[in-house]
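The structure appears below as structure tokens.
The values are calculated or read from the model by the stated rules, or taken from the named source; none is laboratory data. A quick note: this is a predicted structure, and the numbers were derived from the prediction, not measured. Neighbour counts are summed over all protein chains in view; Cβ atoms, including those assigned to glycine, are modelled from backbone coordinates with ideal geometry. Note: accessible area is taken over every heavy atom of the protein model, side chains too, but ligands, DNA and RNA are not part of it. Shrake-Rupley method; radii C 1.70, N 1.55, O 1.52, S 1.80 Å.
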Amino acid sequence: LYSCVNVNKKNDSNKKAITSFYNLEATSVDGDQIKMSNFKDKNILIVNVASKCGYTPQYKDLQTLSDKYKENLVVIGIPSNNFKQEPGSNKEIKDFCETNFNIDFPMTEKIDVIGNNAHPFFNWAKENHGKSAIPKWNFHKIIIGKDGKVADTFTSITKPSSERFINLIEKEIKN
């Protein structure tokens, strides 16, 4: 499902303490590795996504952001069925995104974003930014600055095309 490098066991739990965002990796929807270290010096937008959610139309705005800011921003979609709205296989998810939204930004395989089996990225985000980094629903957004730290988080209701969201992206690009 996922891999991490430079991780340390934390107490007796199964959670792993991540020393740096750039040590994280995830498996793509195609089975390739997505290494966060490949995105140093870029801003990163992590979004847990689902194809059967009322917020699914946000895929369009995410692709628009990816196209507009491609030199400075990497959008990464993370499909999850934690909220029972992404029942499809990785192939079905990829086909849905390409067919309906022409998505070409990186997408991980379907993974957990909450709970004991949450991908280490979400544990790292919680440890480094607090509870607001934990998705409460699909299309929760986490912006990582060029410094590898959480710049801010946005709930599902905030559209990626909103003025507040765009202003933060542009501010982070200038930093």
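General observations
- The single condition from (1) part of a strand (DSSP E or B); (2) closer than 20 Å to residue 25 by Cβ; (3) more than 12 Å from the chain's Cα centre (by Cα) that residue 142 fails is (3).
- So residue 159, is it surrounded by fewer than 13 Cβ atoms within 10 Å (Cβ to Cβ) and under 16 Å from the mean Cα position of the chain (by Cα): no
- Close pairs (6 angstrom Cβ cut-off, 6 or more residues apart or separate chains): at pLDDT 95 or above and among the basic types (Lys, Arg) in the range 48-76, open to solvent by 20 Å² or more (accessible area, probe 1.4 Å) and in a helix (DSSP H, G or I) anywhere: 60/101
- Scanning the range 114-127 for residues that are surrounded by fewer than 20 Cβ atoms within 10 Å (Cβ to Cβ) and in a loop (DSSP other than H, G, I, E, B) yields 114, 115, 116, 117.
- Residues of the range 29-82 that are open to solvent by less than 30 Å² (accessible area, probe 1.4 Å), closer than 19 Å to residue 123 by Cα and of a type outside the set (A, V, I, L, M): 48, 77, 79, 80.
- Residue 130 being under 24 Å from residue 42 (Cβ atoms) and in contact with a Ser or Thr (Cβ under 7 Å, 6 or more places away or on another chain): no
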